[in-house]
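Report on the following structure.
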Amino acid sequence: RDKYEDRLDTLTSQALDAGADIALFGHTHSQYLSENEGVTLINPGSVGDNYYPGYAVLTIENGKYSANLKAL
């Protein structure tokens, strides 16, 4: 395990404690989309000066959601 995985576990725990289904995070500028213990974790990436610019689309309708990562 590395420090990044530990931080994702912490984020998941915090989201579960808050009753959240989705946790958005950033800072790494790297896109990430995964589900951990029923929580969808999303890092939209960076549209700025980056080797792999991208963004996330999060759609919420009628209590259901979907998330997709898009490249620029």
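Among the residues making up the stretch 48-72, those that are open to solvent by 50 Å² or more (accessible area, probe 1.4 Å) and touching a Lys or Arg at 6+ places or on another chain (Cβ under 9 Å) are Tyr55, Val57. If only one of Asp2, Asp21, Asp9 is acidic (Asp, Glu) and without any contact (Cβ under 8 Å) to a residue 24 or more places away in the chain, which one is it? Asp2 is the lone residue from the list that is acidic (Asp, Glu) and without any contact (Cβ under 8 Å) to a residue 24 or more places away in the chain. Within the stretch 27-47, being modelled with pLDDT under 95 and open to solvent by less than 40 Å² (accessible area, probe 1.4 Å) holds for Gly45, Ser46.
Candidates in the stretch 17-72 are the residues that are touching a strand residue (DSSP E or B) at 6+ places or on another chain (Cβ under 8 Å) and of a type in the set (D, E, K, R); of these, the one that is farthest from Asp6 (Cα to Cα) is Lys70.
The values are calculated or read from the model by the stated rules, or taken from the named source; none is laboratory data. Note that the structure is predicted; figures quoted are calculated from it, not measured. Neighbour counts are summed over all protein chains in view; Cβ atoms, including those assigned to glycine, are modelled from backbone coordinates with ideal geometry. To get the accessible areas, we keep the full protein, side chains included, count just its heavy atoms, and leave off ligands, DNA and RNA. Shrake-Rupley method; radii C 1.70, N 1.55, O 1.52, S 1.80 Å.
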